[in-house]
Every structure is written in structure tokens, then in C-alpha cells.
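K.L.:
Provided herewith is a single structure, encoded as C-alpha cells, for subsequent inquiry.
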Amino acid sequence: YRNIIGRGLRCVLDVPHTSGREVDRNAHHGSGRLCSQSSRPLREKIPSLQISSLEQPPRHFPPWNIEINRSFHTSPSLQAAPVPLFWIIVKPAQKLFAIILGRSIRNWWKALPPNKRELFKESARKNKWKILLGVSSLGVVFVMFYFTHLEETPITGRARLLVFGKDHFRELSQMEYDMWMEQFKGQMLPETDARYQVVERVVGHLSESNKDIPQVAALEWVIHVVDEPGVNAFVLPNGQVFVFTGLLDAVSDIHQLSFILGHEIAHAVLEHAVKKASLVHFLDFLSLIFLTMIWAICPRDSLAIVGQWIQSKLQEFMFDRPYSRTLEAEADKVGLQFAAKACVDVRASSVFWQQMELAETIQGQPKLPEWLSTHPSHENRAEHLDRLIPEALKIRESCNCPSLSGPDPRLIFRLNMQHLLESSKGREAPNSAKQDPSKPKLDFPHT
């Protein structure tokens, strides 16, 4: 995601991995009830929270002072997907072994006399079917390994590859938790802080409203609010919830915060960390064969290094990043279901990404192609959520939630966005000579 720093987004930003497009009928593993009995209106469940009204269009936008960084992460790219400690140590050794083996094969081939090379080639031609059978057998082993390690994803029912045991990840989740606690030990807000209480009540309401899902009920959700300006939130696989105060400053109401935390809870419930690590390990093991071939075939070490770099980039952009985007989309889908069952106004979910698009447009941030990112683009993410919202509204209605009155927040944003952009352009010209282009300060007039 994009990382937004600053407290001036409160009245304009509506807030989210990973990594589904429609609501599955088997959403709750055979549970006959779609909603938990505790799904009550959000205002009734959290009476002390200040909830911005979406029933009337905003009459004005206060001045904006925006400062944007390049990346906004709600799940740390490395910390959110740990792998068993054994493989952390072994993986570099595996690659080193593949490089040494490939280089040794190349040097052995170069040292052979020309006549022995021809004899070796002739022998290979005579036994080509045996060689082909051996390679095919190896491929069959990998295919069998893949299909014998497939399991059903909780809630969505989608097939997933699981190489590692869940016990390993529970242990590593505790290690990662200790690491984060050590890093933020001087920045944790006390339980008496109002911001901590807001997060605690939202997470408690989401988990209580979805307690009919075994994976939600099985985890103990522990809240940690970090006094850090970055717009950031993530949930570890063991249920440890970390929310930065920058995120609380960025959201404009409870509905947005509920969707973001629902998205992060979905990552933990769907066990995306296990899925991502399993795929990465499987692909890395396959890549060892190609790595050995690269170092054996390339005539010089410099060419082998280039070939190895190309191989790693192909794996990253053809498998790793697309799979990460798939997990983000899946977490959006399930997180929206969680929010709907908690009687959240799910229409506010897509507004955040439209506002992120607006913020980047105002700041002149370059738009990278989606295939270069581990997350869907803002525009595609908003469109994906808009496609999911009708089904989420049906879930919300089936949970006896109060009807949503007033205008759609998406419509409100679209109407105001055009006016904000026009106003900013009008004010940019006369003040361009006085402004620092790296940190523009835009004052938006009343709408």
C-alpha cells in the first residue's frame, strides 16, 4: 500500500493485504447461521465512539496538509510471512550448493578432451529416451508433491498449498511478536488511552460478530497500539493485532477502521502467512534445478550471475507478486464479509482507495504499473470492492442490521473530488512560486 504520513487526512480519507471476487456459500464451514447472535448495530455496540455521520453530505473540507511516502503497508511484506527457522538457515546453503555444483559441472566439461566430449554427446543421443524418462519422472514427483499438499482454505474453500506445519508458524509468530514488542517497547499506548480503547472495541466487535466462524473464535485477539505516525496495521498469525496511531488519524469514521481491521483479521484467519511461505519454498526448491543449469551452461561467471538475476526476477514478477495480489484480494473479500456481519457501512470500504488515488494525484506521485507491486492498484482495488459490496449488503441485511439511510459515501466522494481537484488547480498557479514542490500545502475551500 501507499504509506501516508500526516494527520491532515482525517476529513478526506475513508480507509484497507491480499491476498476472491464473490461471496462463497460455504463461507462458514457448514455453519447454518450466517450471522452471530451478537451482531448488533455498530452504534449500539460501541456507544462511546465518535462515528462520523454518513447520512448528510459534508458541508466543507478543512484545510489539508498532506505528506505522502511511497509505500503504505497494512501487512509487513517480510514479517507477515515468516518461514520455519530451519529453512531460513538452509535456504542460502541450498543456493550456494546449486551454484557450486553447476560451476563444477561447467569446469569438468571444459577440462574434457575433445574426443571424450564427442563420446559423451554420442552416449547422450543414444540414451535420450532414458534421460527424458528420468526428467519426466522428476516432474511427476513434483506434481504429486504439489497435489498431495493441497488443503482447503478456511471460509473461501479455495485450494491452497501447505508445505509447513501450522505448529512451526505458531512458534515463529511468537518469535516475531517478541521482536515487534522489543522494537516498539517505548511506543505502546496504555490500555487507558482512548485510542487504544477504540481499537479494542472495534476488534472485539468484529470478533464477537463473527464468532460462529471457528477460525475467528479459536484465536485470542490481543491489541497493541503503537504511537507511530505511519499509516500501518497488521495482525500476526497468532492473533496479535498491531495498529499505528497514524492509521487512527487517517480514518474518518468507525466504518473505515472496521473494514481495515477486518481485512487484517482475514489475513490471519485465512492463514496467508503459511500459504505464502509454502509457495515461496516450493518455487525456491524448483529454482535450484534451474540455478544449477544456469551455472553449468553459462561459459563465464559474469553471465551466470546475470542469468541468476533474470531467473529471480522472472519468479518474482510471474509468481510471487501475482500471488501476493491474489491474497490481498481474498483478504478484501473476507474482510468485507466480517465487516458486513458487524453491521458496518461496507460502502465506505472502496472510498479509501479512491481517496488514495486523489492524494497521489494532488502530490504528483508517479503511478507504477500494478504488475510491479505486491498489492493491487488503488483503482482496481476500489473497483473490486465495489463489485463485492452488493453481496456484502445482502449479508448485512440478513444479520438484521439497521438499514443504511442517507446518501452513498461513494457518491459523496465523487461529487466532492472533482470540486477539490478544480479548487486545488486554481490555487496552485498563484502560489506555485512560494511553495516547496516536495511538500505541497493545499488549502481546500468550502464545497
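The values are calculated or read from the model by the stated rules, or taken from the named source; none is laboratory data. All values reported here derive from a predicted model rather than from experimental measurement. Reconstructed Cβ throughout: ideal geometry from the backbone, glycine too, with neighbour counts over all protein chains shown. What goes into the accessible areas is simple: the full protein's heavy atoms, side chains included, and nothing from ligands, DNA or RNA. Shrake-Rupley method; radii C 1.70, N 1.55, O 1.52, S 1.80 Å.
K.L.:
Would you work out the relative contact order for segment 166-422, in percent, from Cα pairs under 8 angstrom that are 6 or more residues apart?
P.N.:
The normalised contact order for segment 166-422 reaches 17 percent.
K.L.:
How big is the accessible area of R321 in square angstrom, nearest 10, if you roll a 1.4 angstrom probe over the protein chains?
P.N.:
Approximately 50 Å² of R321 is accessible to the 1.4 Å probe.
K.L.:
Hey, another quick one. Starting from the residue with the highest accessible area, list D249, D386 in decreasing order, probe 1.4 Å.
P.N.:
D386, D249
K.L.:
Calculated FRET efficiency, F97 and E152, Cβ-Cβ r, R0 25 Å, to nearest 0.05? Write out the running numbers ahead of the final one.
P.N.:
Working: r = 35 Å, r/R0 = 1.41.
Between F97 and E152 the formula returns 0.10.
K.L.:
Can you pull the percent of segment 166-422's accessible area that's carbon plus sulfur, 1.4 Å probe, other chains left in place?
P.N.:
Solvent-exposed carbon and sulfur of segment 166-422 make up 59 percent of the total.
K.L.:
Looking at segment 166-422, how many pairs of lysines come closer than 27 Å at the Cα, when each pair is eight or more places apart or spans two chains?
P.N.:
Lysine pairs meeting the criterion: 20.
K.L.:
By accessible area of protein heavy atoms, probe 1.4 Å, what ranking do M356, M318 get, highest first?
P.N.:
M318, M356
K.L.:
In terms of solvent-accessible area of protein heavy atoms at a 1.4 angstrom probe, what is the ranking of F97, F413, highest value first?
P.N.:
F97, F413
K.L.:
Over segment 263-309, give the accessible area per residue in Å² for a 1.4 Å probe, as an integer.
P.N.:
39
K.L.:
Related question: Of the peptides 210-217, 122-129, 285-292, 233-240, how do they stack up when ordered by the mean number of other Cβ atoms within 10 Å, highest first?
P.N.:
Result, highest mean Cβ count within 10 Å first: 233-240, 210-217, 285-292, 122-129.
K.L.:
Can you run the Rg to Rh ratio on segment 166-422? Use alpha carbon positions and the Kirkwood inverse-distance Rh.
P.N.:
In segment 166-422, Rg relative to Rh is 1.03.
K.L.:
Here is a further query. Once fully extended, how much extra length lies between Q174 and F319, figured as 0.36 nm per residue of separation less the alpha-carbon to alpha-carbon distance?
P.N.:
Full extension from Q174 to F319 adds 49.4 nm.
K.L.:
Could I ask something else about it? If ligands, DNA and RNA are left out, what is the accessible area of W221 with a 1.4 Å probe, given in Å² to the nearest 10?
P.N.:
40
K.L.:
Rounded to the nearest 10 Å², what accessible area does Y146 show when all protein chains are kept and the probe is 1.4 Å?
P.N.:
Answer for Y146: close to 80 Å² accessible.
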